[in-house]
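Participant: Below is a structure I'd like to ask you about.
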Amino acid sequence: MKVLIIGSEGMLGHDLVDTLSINNEVSSTTIDTLDITDITKTIQTVNEINPDVLVHAAAYTNVDGSESNSDLAYKVNALGTRNVAVACQEAGCAMVYICTDYVFDGKKGSSYYEYDQTNPLSVYGKTKLAGELYIRDTLNKFYITRTSWLYGFHGPNFVTTMLNLAKTNDNISIVNDQIGSPTYTVDLANAITQLINKPVYGIYHITNSEHCSWYEFAKQIFDNAGVNIDLNPVTTEEFSRPATRPKYSVLENYNWKMEGFPKMRSYKQALRDYMKLL
Ligand SMILES: NC(=O)c1ccc[n+]([C@@H]2O[C@H](COP(=O)([O-])OP(=O)(O)OC[C@H]3O[C@@H](n4cnc5c(N)ncnc54)[C@H](OP(=O)(O)O)[C@@H]3O)[C@@H](O)[C@H]2O)c1
């Protein structure tokens, strides 16, 4: 297949290029070659490349920054995604969008299915959900993949942040009452590669399996690294941030399972494999 990846210099975008290039003819754009807030250029670029599938991995991903830069977050995540969807419609290609567990409010208390009610708490979550809605209003052939707590080789993430903090701190306070599923970008890129080979359009929750709090995740990171450090579990209220995050945003990979795809491996195994290569 001919695949176009938008946002190819992002953390996930890099791995998408590597993985999708194995069996497909891949083209890619970065923010320097295509700013998705420019609808004319977006339509023109997608038309010229004329892909079978477009994977949209570009976003304004600063969750806390979105609270004070809400216009920019909306422009990129909602309107930029609308522009990409319109371009896909004109080119007649399928679209993959990467969305987030932050579309949920976390109050359900158990894992979220694809059909559960969304209710984002943050500007970032609202703008990402608005992007989803534009796609659903514009296209028939789309895969919306919601994922969570990404880490990988090509961008700052929780794992590298923890390891860096440990170099200059004897103890670190970590939130222990937000629960989610850390997900390795390489595993997500592999899953998306499998997904686009079938015309099973719709919404997919795709995360590594099992879940933990940020505090538990940090403990595993330091165990794997053999680093001895005092970790102090704190509540969300004690660790104030501009954006409100859901307390429990574990995503049930239900459609993924129903379509017969193999279960995503445990985040613990994925984390170990990732850290071996750091
Ligand atoms: N990271 C997570 O934990 C997480 C969790 C759930 C879902 N997601 C979603 O997964 C996707 C990939 O995330 P990621 O962590 O790989 O993000 P990332 O590393 O921040 O990459 C996003 C890319 O989009 C580019 N970009 C920003 N504005 C753009 C614009 N107007 N036009 C074109 N490109 C633009 C960025 O360029 P610059 O760097 O130059 O700004 C960056 O290269 C995003 O849709 C994100 O919302 C992420």
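Participant: What single numbered condition from (1) in a strand (DSSP E or B); (2) closer than 27 Å to ASN164 by Cβ fails to hold for ASN224?
Facilitator: Only one criterion in (1) in a strand (DSSP E or B); (2) closer than 27 Å to ASN164 by Cβ is unmet by ASN224, namely (1).
Participant: Regarding the range 175-195, can at least one residue be identified that is buried (at least 20 other Cβ atoms within 10 Å of the Cβ), away from the ligand (no atom under 15 Å from the Cβ) and in a loop (DSSP other than H, G, I, E, B)?
Facilitator: Yes, the range 175-195 contains a residue that is buried (at least 20 other Cβ atoms within 10 Å of the Cβ), away from the ligand (no atom under 15 Å from the Cβ) and in a loop (DSSP other than H, G, I, E, B).
Participant: Here is a further query. From the list TYR204, TYR151, which residue is crowded, with 20+ Cβ neighbours inside 10 Å, in contact with a Lys or Arg (Cβ under 8 Å, 6 or more places away or on another chain) and not small (Gly, Ala, Ser)? Spell out how you get there, then give the answer.
Facilitator: Values: TYR151 fails: in contact with a Lys or Arg (Cβ under 8 Å, 6 or more places away or on another chain).
Among TYR204, TYR151, only TYR204 is crowded, with 20+ Cβ neighbours inside 10 Å, in contact with a Lys or Arg (Cβ under 8 Å, 6 or more places away or on another chain) and not small (Gly, Ala, Ser).
Participant: Right, here's the next one. Would you check which residues across the range 1-32 are within 9 Å of the ligand (Cβ to nearest atom) and either among the hydroxyl-bearing types (Ser, Thr, Tyr) or surrounded by fewer than 23 Cβ atoms within 10 Å (Cβ to Cβ) (or both) and list them?
Facilitator: Passing the criteria: SER8, GLU9, MET11, HIS14, THR29, THR30, ILE31, ASP32.
Yes/no per residue for (1) under 25 Å from ASN255 (Cβ atoms); (2) among the aliphatic types (A, V, I, L, M); (3) free of Cβ contacts under 8 Å to residues at least 24 places away in the same chain:
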| position | (1), (2), (3) |
| --- | --- |
| THR138 | yes, no, no |
| PHE142 | yes, no, no |
| GLY155 | no, no, no |
| LEU163 | no, yes, no |
| ILE172 | no, yes, no |
| ASN176 | no, no, no |
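Participant: Now for a different question. Looking at the structure I just gave you, is THR45 within 7 Å of the ligand (Cβ to nearest atom) and of a type in the set (Ser, Thr, Tyr)? It would help to see each step written out before you state the result.
Facilitator: Values: within 7 Å of the ligand (Cβ to nearest atom): no; of a type in the set (Ser, Thr, Tyr): yes.
Here the answer is no, as THR45 does not meet what is asked.
Participant: Would you check which residues across the range 229-238 are in contact with a helix residue (DSSP H, G or I) (Cβ under 9 Å, 6 or more places away or on another chain) and either part of a loop (DSSP other than H, G, I, E, B) or among the β-branched types (Val, Ile, Thr) (or both) and list them?
Facilitator: Quick first cut of the range 229-238, residues in contact with a helix residue (DSSP H, G or I) (Cβ under 9 Å, 6 or more places away or on another chain) only: 229, 231-234.
Scanning the range 229-238 gives ILE229, VAL234.
Participant: Right, something else. Let me spell it out: the conditions are (1) in contact with a helix residue (DSSP H, G or I) (Cβ under 7 Å, 6 or more places away or on another chain); (2) under 27 Å from ILE43 (Cα atoms); (3) within 14 Å of the ligand (Cβ to nearest atom), and LYS126 meets all of them except one. Which number is the exception?
Facilitator: (1) is the only condition that LYS126 fails.
Participant: Which condition from (1) more than 9 Å from the ligand (Cβ to nearest atom); (2) among the β-branched types (Val, Ile, Thr); (3) under 30 Å from SER173 (Cβ atoms) is the one that ILE144 breaks?
Facilitator: Here ILE144 meets the rest and fails (3).
Participant: With the condition kept exactly as written, say whether any residue in the range 67-85 is out of contact with any helix residue (DSSP H, G or I) (no Cβ under 7 Å at 6 or more places or on another chain) and among the polar types (S, T, N, Q). Can you show your working first?
Facilitator: Applying the first criterion (out of contact with any helix residue (DSSP H, G or I) (no Cβ under 7 Å at 6 or more places or on another chain)) to the range 67-85 yields 68-69, 71-72, 75-76, 79-80.
With among the polar types (S, T, N, Q) added as a condition, the list becomes 68-69.
Yes, the range 67-85 has at least one match.
Taken together, the values in this text are just the output of simple stated rules run on the coordinates, not laboratory data. Just so it is clear, the structure is predicted and the values come from calculations on it, not from any experiment. Note that we place each Cβ from the backbone using ideal geometry, even for glycine, and neighbour counts take in every protein chain shown.
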